[in-house]
Amino acid sequence: MNFLRRSAVRVALAALAVGLIFGVWNLVIFAFDLKAYALPTPQSSVATIYDRWSTFQPLTLQTIGETAYGFLIGAAVGFLLAVVMSASKTVQRLLYPTLITSQAVPIVAIAAPLAILFGFGLLPKLVIVAWVVFFPVVVNVLDGLAHVDQDLLNLSRVMGAKRWRAFLAIQLPATLSPLFSGLKIGATYAVTGAVIGEWVASAQYGLGTYLQTEAGTLDTKGVMGATILLTAIGIASFLLVVAAEVVATPWRTRSTARRGVGSLLRNDERKGARGWFGSLLQSRSR
Amino acid sequence: MAADAPRVAVEDVTVRFDGAPALEHLSLEIGQSEFVSIVGPSGSGKSTLFNIVSGLLSPTSGRVLLDGRDVTGETGHVGYMLQKDLLIPWRTVVGNIVLGAALTRGATSRDRAEAAALATRYGLGEFLDHYPHALSGGMRQRVALMRTLALHTDVLLLDEPFGALDSQTRLDMQLWLLSVYEDLNVTILFVTHDVDEAILLADRVAVMSERPGRIVADLRIPLPRPRDLDVLTSPGFTELKREVLRLLHKPAAVVPA
């Protein structure tokens, strides 16, 4: 019950935030006496989305596809890179400067050569989205792997741990929280990547291409409609990552496991389980 | 297994780090089911000694024997517990207790049932499915000790396990550990700074010197078991405490001119 109430409050606050943004938007139009062709009101922009939904729908799906696939590829590449880099200091020193360089290069500048390389289909867009997404993932996951407590690794050695089991039980789960931090940053960048990709390399229409052509004809309502849709995709991506995080890292939000050992505690099983422990229980002869 | 060999024997161990000796000619024997406390000044190499016994570190010279068998530099023979509980945040209490099994051969439902039985017996029954962050410091250390017990090695090295707890909780934990020890057939090597704690728990108190560490005194603690809170205020206890304190804080020798 408490959980529902807190959720309701949060949703209400989020709605209030959107309302505030639209309020300020209207205020600016009123204060500077902006004409509708310069800056349409949020209401009319949203209405445009509704009116032109048959146009917008395929564009939106196209951009969502680019964003989602590019995001997944970028996340996977980033994660694997981080794991490989953490395994060897040499590989890490070799690759890190390369990765930083990849992000220092203006993405708009390399987008054009990418289009020449990969043509005008889906591929260059996926590459560009993955390009902006993988970096925060690598950096965060590497940090996570580097900060696994050395005493914990020593303890696992004392326990006689197999190396790969220790990796699966200790190091890999330790990357989850930093992974999600990286993914949250990546999720918001991904949409920008998709739009840039569409601008430089588009045969198929997406929201980004639509944005560009409508800006050319001073169709500001269309531009603002597409912008609102793009923003919505970005926010939705972020929220999806947050939701995935809550599911994947239950220990951060809950005090007990969803599926515990409660069933193991039936008495018959407990007796059977005494085993070694029973032999320790002693009648000490001191 | 040699007959009558001590459960744990540290034989003439010397450890040098970059030439500087941390332990020098240190020997110590611990019998089966014995509880030995080690006290000593900061930096006397108590934790180094534990790293040697656990096999994390190989000595420059000397040997470590378990039941007469040379295990110098080998891990996986003893349980180990530090001041930091080192519980894994994404594992529940039971999940943490079976960590040793999970890291070596994979934890089975039997391991989990055994862990649940162990935890229930020693006061963690309500917390089996809790994540560590939902537990108090004392509870977390209990889980850490259960994890150490579940390794199925009956030699336990406890390195200041209660050092980070407030004094009230610490006393509770000491009494709890006494009950666990008196209940189970385990051999414990216990490092502490706290002289009261050392005497209250142990059968013997070994006093270490300043760096390079050696055992300078080995005292029997003939207080009867089972022990309880009253031990702390008994005349015998005070007598032993005076002696340990005297050994620990010898007046500095004056070098003649």
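The values are calculated or read from the model by the stated rules, or taken from the named source; none is laboratory data. Just so we're clear, the structure is a prediction, and the values are computed from it rather than from any experiment. Because the Cβ atoms are built from the backbone with ideal geometry, glycine has one as well, and the counts that use them run over all protein chains shown.
I'd like to know if the stretch A:108-124 contains one or more residues that are surrounded by 15 or more Cβ atoms within 10 Å (Cβ to Cβ), at pLDDT below 90 and not hydrophobic (A, V, I, L, M, F, W, C).
Yes - at least one qualifying residue is present in the stretch A:108-124.
Which residues, taken from the stretch A:1-27, are over 31 Å from the mean Cα position of the chain (by Cα) and exposed (fewer than 11 other Cβ atoms within 10 Å of the Cβ)? Break it down stepwise before answering.
Quick first cut of the stretch A:1-27, residues over 31 Å from the mean Cα position of the chain (by Cα) only: A:26-27.
Scanning the stretch A:1-27 gives a single hit, A:LEU27.
Look at B:SER109 and say whether it is surrounded by fewer than 16 Cβ atoms within 10 Å (Cβ to Cβ), farther than 20 Å from A:ARG157 by Cβ and within 9 Å of chain A (Cβ to nearest Cβ).
Yes: the conditions hold for B:SER109.
Please enumerate the residues belonging to the stretch B:161-184 that are in contact with a strand residue (DSSP E or B) (Cβ under 8 Å, 6 or more places away or on another chain) and surrounded by fewer than 19 Cβ atoms within 10 Å (Cβ to Cβ).
Matches in the stretch B:161-184: B:ASP183 only.
With respect to A:VAL105, determine if the residue is among the hydrophobic types (A, V, I, L, M, F, W, C) and farther than 16 Å from A:VAL141 by Cβ.
The answer is yes for A:VAL105.
Considering only residues that are of a type in the set (S, T, N, Q) and at pLDDT 90 or above, which ones fall in the stretch B:1-47?
Selection gives B:THR14, B:SER27, B:GLN32, B:SER33, B:SER37.
Does B:ILE52 meet the test of being in contact with a Pro (Cβ under 6 Å, 6 or more places away or on another chain) and more than 10 Å from chain A (Cβ to nearest Cβ)?
Yes, satisfied.
Can you tell me which residues in the stretch A:229-241 are loosely packed, with under 14 Cβ neighbours inside 10 Å and touching a residue at least 60 places away in the same chain (Cβ under 8 Å)?
Scanning the stretch A:229-241 gives no hits.
Yes or no, residue by residue, for (1) surrounded by fewer than 16 Cβ atoms within 10 Å (Cβ to Cβ); (2) acidic (Asp, Glu); (3) out of contact with any helix residue (DSSP H, G or I) (no Cβ under 9 Å at 6 or more places or on another chain):
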| residue | (1), (2), (3) |
| --- | --- |
| B:VAL64 | no, no, no |
| B:GLY73 | yes, no, no |
| B:HIS77 | no, no, no |
| B:LEU82 | no, no, no |
| B:ALA102 | no, no, no |
| B:GLU114 | no, yes, no |
| B:TYR122 | no, no, no |
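Just for helices (runs of 4 or more DSSP H) wholly inside the stretch A:151-237: which have at least 3 residues that are within 30 Å of A:LEU80 (Cβ to Cβ) and among the hydrophobic types (A, V, I, L, M, F, W, C)?
Answer list for the stretch A:151-237: A:176-200.
Among the numbered criteria (1) within 8 Å of chain A (Cβ to nearest Cβ); (2) acidic (Asp, Glu); (3) touching a residue at least 60 places away in the same chain (Cβ under 8 Å), which single criterion is violated by B:GLU182?
So B:GLU182 meets the others, but not (3).
On the basis of being among the basic types (Lys, Arg) and either within 30 Å of B:ILE215 (Cα to Cα) or more than 10 Å from chain A (Cβ to nearest Cβ) (or both), does B:ARG140 make the cut?
yes
Checking the structure you have, find out if any residue of the stretch B:123-137 is among the polar types (S, T, N, Q) and either in contact (Cβ under 8 Å) with a residue 60 or more places away in the chain or at the interface with another protein chain (Cβ under 7 Å from one of its Cβ atoms) (or both). So that I can check it myself, show each step before the final result.
In the first step, residues of the stretch B:123-137 are kept if they are among the polar types (S, T, N, Q); the result is B:136.
Next cut, either in contact (Cβ under 8 Å) with a residue 60 or more places away in the chain or at the interface with another protein chain (Cβ under 7 Å from one of its Cβ atoms) (or both) only: none.
No - not one qualifying residue is present in the stretch B:123-137.
Return a yes/no flag: does the stretch B:21-37 have any residue that is aliphatic (A, V, I, L, M), outside any loop (DSSP other than H, G, I, E, B) and at the interface with chain A (Cβ under 10 Å from one of its Cβ atoms).
For the stretch B:21-37, residues aliphatic (A, V, I, L, M), outside any loop (DSSP other than H, G, I, E, B) and at the interface with chain A (Cβ under 10 Å from one of its Cβ atoms): absent.
Can you tell which of B:ARG227, B:ARG220, B:ARG204 is within 14 Å of chain A (Cβ to nearest Cβ) and over 27 Å from B:VAL13 (Cβ atoms)?
Working: B:ARG220 fails: over 27 Å from B:VAL13 (Cβ atoms); B:ARG204 fails: over 27 Å from B:VAL13 (Cβ atoms).
Testing whether each residue is within 14 Å of chain A (Cβ to nearest Cβ) and over 27 Å from B:VAL13 (Cβ atoms) leaves just B:ARG227.
Return the residue satisfying two criteria in turn: it lies in the stretch A:153-165 and is hydrophobic (A, V, I, L, M, F, W, C) and crowded, with 22+ Cβ neighbours inside 10 Å, and of such residues it is nearest to B:ARG105 (Cα to Cα).
Step by step, filter the stretch A:153-165, then rank; the result is A:ALA161.
With the checklist (1) hydrophobic (A, V, I, L, M, F, W, C); (2) more than 25 Å from A:ALA166 (Cβ to Cβ); (3) in a helix (DSSP H, G or I); (4) over 23 Å from the mean Cα position of the chain (by Cα) in hand, flag the one item A:ILE128 doesn't pass.
So A:ILE128 meets the others, but not (4).
Restricting attention to the stretch A:229-261, which residues are of a type in the set (A, V, I, L, M, F, W, C) and under 16 Å from A:GLY193 (Cα atoms)?
Listed by number, the residues that qualify are A:LEU229, A:LEU230, A:ALA232, A:ILE233, A:ILE235, A:ALA236, A:PHE238.
For the stretch B:185-201, name all the residues that are hydroxyl-bearing (Ser, Thr, Tyr) and either in a helix (DSSP H, G or I) or within 14 Å of chain A (Cβ to nearest Cβ) (or both).
Passing the criteria: only B:THR187.
Does the stretch A:191-206 contain any residue that is assigned by TED's automatic domain parsing to the domain that holds A:ALA236, surrounded by fewer than 19 Cβ atoms within 10 Å (Cβ to Cβ), under 21 Å from the mean Cα position of the chain (by Cα) and of a type in the set (Val, Ile, Thr)?
yes
When only residues in the stretch B:91-114 that are of a type in the set (S, T, N, Q) and within 22 Å of A:LEU176 (Cβ to Cβ) count, which is nearest to the chain's Cα centre (by Cα)? Walk me through it before giving the result.
Keep residues of the stretch B:91-114 that are of a type in the set (S, T, N, Q), which gives B:92, B:96, B:104, B:108-109.
After this cut, where a residue has to be within 22 Å of A:LEU176 (Cβ to Cβ) as well, the list is B:92, B:96.
Working: B:THR92: 24, B:ASN96: 19 Å.
In this case the residue turns out to be B:ASN96.
Would you pick out the residues in the stretch A:243-257 that are part of a helix (DSSP H, G or I), of a type in the set (A, V, I, L, M) and either at the interface with another protein chain (Cβ under 10 Å from one of its Cβ atoms) or in contact with a strand residue (DSSP E or B) (Cβ under 8 Å, 6 or more places away or on another chain) (or both)?
Within the stretch A:243-257, the first condition is being part of a helix (DSSP H, G or I), and the residues that meet it are A:243-248, A:250-252.
Subset that is of a type in the set (A, V, I, L, M): A:243-244, A:246-248.
A:ALA248, the sole residue that qualifies.
Quick one: is A:PRO58 in a loop (DSSP other than H, G, I, E, B) and touching a residue at least 60 places away in the same chain (Cβ under 8 Å)?
In short, no.
Would you tally the residues in the stretch A:210-226 being without any contact (Cβ under 8 Å) to a residue 40 or more places away in the chain and not charged (D, E, K, R)?
7
From A:ALA47, A:ALA8, A:ALA12, grab the single residue that is part of a helix (DSSP H, G or I), touching a Gly at 6+ places or on another chain (Cβ under 9 Å) and more than 30 Å from A:VAL137 (Cα to Cα).
The match here is A:ALA47.
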